[in-house]
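The values are calculated or read from the model by the stated rules, or taken from the named source; none is laboratory data. Everything quoted here is computed from the prediction, not taken from an experiment. Please note: Cβ atoms are built from the backbone with ideal geometry, for glycine as well, and neighbour counts cover all protein chains shown. Calculation scope for accessible area: heavy atoms of the full protein, side chains included, ligands and nucleic acids excluded. Shrake-Rupley method; radii C 1.70, N 1.55, O 1.52, S 1.80 Å.
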Amino acid sequence: MLGNQEPNNCAAVAVGSVLDELDADIVCLQETKVTRGAPTEPLAMVEGCNSYFSFSRNRSGYSGVATFCKDSATPVAAEEGLRGLFAPQNGDVGCYGNTDEFTQEELRALDSEGRALLTQRKIRTWEGKERTLTLINVYCSHADPGKAERLVFKMCFYRLLQIRAEALLAAGSHVIILGDLNTAHRPIDHRESVNLECSEEDPGRKWRDGLLGSLGCQSASHVGPFINSYRCFQPKPEGAFTCWSAVTGARHLNYGSRIDYVLGDRTPAIDTFQASFLLPEVMGSDHCPEGAVLSVSSVPAKQCPPLCTRFLPEFAPQHNSQTRVQTGQNKAHVRSTRPRPSQLGSSRGQKNLKSYFQPSPTCPQASPDIELPSPPPMNTLMTPKTSEDEAVAKVVKGQAKASEAKDEKEVRTSGSLCWRGPCTYPSVGKPGPNLGRRFYMCARPRGHPNDPSSRCNFFLWSRPS
């Protein structure tokens with residue numbers, strides 16, 4: 001079974017317990033935000049598993065993917081990146097396809113953010129035939145509307161991913177692409193389906209159209225080489241989302257989108273996929289796991305490929321005394337103890353992988369009676385020229401101050417400004433002219449506009465200091 005999860009501030013359990021709970025042979029994680037050299041032994045090396053990480057080479061605490069395999073599903077090869085620029089001399093997957101449309105500088109940039117990790121293994125079908133299966137664990141880039149260069153990066157990454165997948169198919173390997181593709185494909189996969197229908201020209205969706213074949217497993221119509229496994233088995237359910245905004249609390253009302261996928265090439269999707277499912281009840285992240293069950297057995301390699309974390313230099317010295325080599329099998333059995341949870345200090349934004357497997361402090365619930373900070377007085381009015389105008393201005397100014405004081409007193413007393421209930425008082429975290437500026441907004445979770453329990457459109461800037 002394959003499991004796909006994007007970690008965030010998860011429950012206070014160790015990585016081994018999380019993998020045990022998911023009960024998958026292979027678990028793929030995206031947006032780990034783990035920096036090279038940061039993983040500790042309990043995080044990188046789990047008893048009964050072998051793990052593989054791809055780190056961002058440009059920024060620390062950014063992007064990153066990881067794949068955990070049970071020892072019974074040990075791959076024969078593993079490689080980070082889509083072009084093999086960081087592949088070891090042996091143990092790589094190979095089959096890169098024709099990438100002449102990219103410069104070497106572009107290829108290095110696409111592979112330097114830690115967004116792709118390949119593991120290749122032997123599988124045995126129910127007929128007893130041995131096949132090669134390559135898993136491509138990806139975390140595709142988000143295209144910020146204000147940054148045109150990130151859309152270019154995203155589309156180039158999509159293109160390179162397709163070239164690599166098709167090259168592997170041409171070489172005779174079955175291929176499964178899974179992870180965060182950061183694009184909702186169809187209107188049914190997005191909470192704002194009407195807006196999605198109006199954006200069919202979105203380049204990410206057009207790419208997906210070319211990559212994917214028919215939604216029905218048994219359908220004769222077919223375009224692309226891959227099948228959307230979840231829609232293959234469950235083509236009609238609405239609200240089958242995998243991602244929700246944590247800032248707006250949208251998960252409470254299932255106001256989300258489906259941007260995480262398990263895509264299989266047509267042959268395994270029809271012949272070996274038994275089921276595909278979502279696990280929205282698994283909390284701890286703004287994403288939920290998606291998985292698939294294949295009717296095959298894995299043929300484990302006798303030795304882990306060089307990319308395995310147990311071969312990283314920082315782990316080798318301290319494991320010399322803990323590694324027992326079984327004579328004649330050329331296989332190392334690593335004994336590692338489960339980590340003791342340690343308290344994690346709170347921080348803003350999405351957490352990294354280490355915090356996902358550590359306990360989080362109990363978050364205090366906001367009280368509707370929290371005293372909001374007093375806004376500064378109004379800016380000084382322009383001085384009228386006549387004495388009569390000055391007198392009128394003073395009266396108006398006095399009335400305005402009295403009204404402001406009354407409003408502020410009401411805010412302090414009830415904590416409420418919008419008709420649906422209390423307000424929150426967050427600040428802008430996005431870089432720009434309003435960075436750090438505070439504002440009032442409805443405290444309810446985001447949902448469909450017609451849902452009376454969802455957030456209203458109330459918004460009010462706090463007066464600047």
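Points to keep in mind about this one:
- Restricting the range 41-61 to residues that are within 17 Å of the chain's Cα centre (by Cα) and not in a loop (DSSP other than H, G, I, E, B), the residue that is surrounded by the fewest Cβ atoms within 10 Å (Cβ to Cβ): F53
- Condition met for L118 (farther than 14 Å from Q30 by Cα, at pLDDT 90 or above and of a type outside the set (G, A, S)): no
- Candidate set from the range 108-139 (those that are hydrophobic (A, V, I, L, M, F, W, C) and in contact with a strand residue (DSSP E or B) (Cβ under 6 Å, 6 or more places away or on another chain)); member that is surrounded by the fewest Cβ atoms within 10 Å (Cβ to Cβ): I123
- Filtering the range 240-256 to residues that are open to solvent by less than 10 Å² (accessible area, probe 1.4 Å) and in contact with a Phe, Trp or Tyr (Cβ under 6 Å, 6 or more places away or on another chain) leaves A250, G256.
- Any pair with Cβ under 7 angstrom, 6 or more apart, that starts in the range 167-183 at a residue that is within 21 Å of I26 (Cβ to Cβ) and ends at one that is small (G, A, S): V175/A165; I176/G264; I177/A165
- Residue count for the range 24-40 satisfying the condition of being over 20 Å from the mean Cα position of the chain (by Cα) and under 18 Å from T74 (Cβ atoms): 1.
- Test: residue in the range 263-271 that is assigned by the TED database to the domain that holds F53, in a loop (DSSP other than H, G, I, E, B) and open to solvent by 30 Å² or more (accessible area, probe 1.4 Å): no
- Residues in the range 435-464 that are polar (S, T, N, Q) and surrounded by fewer than 14 Cβ atoms within 10 Å (Cβ to Cβ): N450, S453, N457.
- The residue that is farthest from F273 (Cα to Cα), among those in the range 1-40 that are outside any loop (DSSP other than H, G, I, E, B), at pLDDT 65 or above and among the hydrophobic types (A, V, I, L, M, F, W, C), is V15.
- Within the range 272-313, restricting attention to residues that are touching a Pro at 6+ places or on another chain (Cβ under 8 Å) and among the hydroxyl-bearing types (S, T, Y), the residue that is surrounded by the fewest Cβ atoms within 10 Å (Cβ to Cβ) is T309.
- Residues in the range 167-187 include at least one that is in contact with a helix residue (DSSP H, G or I) (Cβ under 9 Å, 6 or more places away or on another chain) and basic (K, R).
- All strands (runs of 3 or more DSSP E) inside the range 396-465 with 1 or more residues being modelled with pLDDT of 80 or more: 421-424, 439-442, 459-461
- Hey, E106 assigned to a helix (DSSP H, G or I) and either out of contact with any helix residue (DSSP H, G or I) (no Cβ under 6 Å at 6 or more places or on another chain) or modelled with pLDDT under 95 (or both) or not: yes
- Yes/no for G179 being under 20 Å from the mean Cα position of the chain (by Cα), closer than 22 Å to G64 by Cβ, part of a loop (DSSP other than H, G, I, E, B) and not charged (D, E, K, R): no
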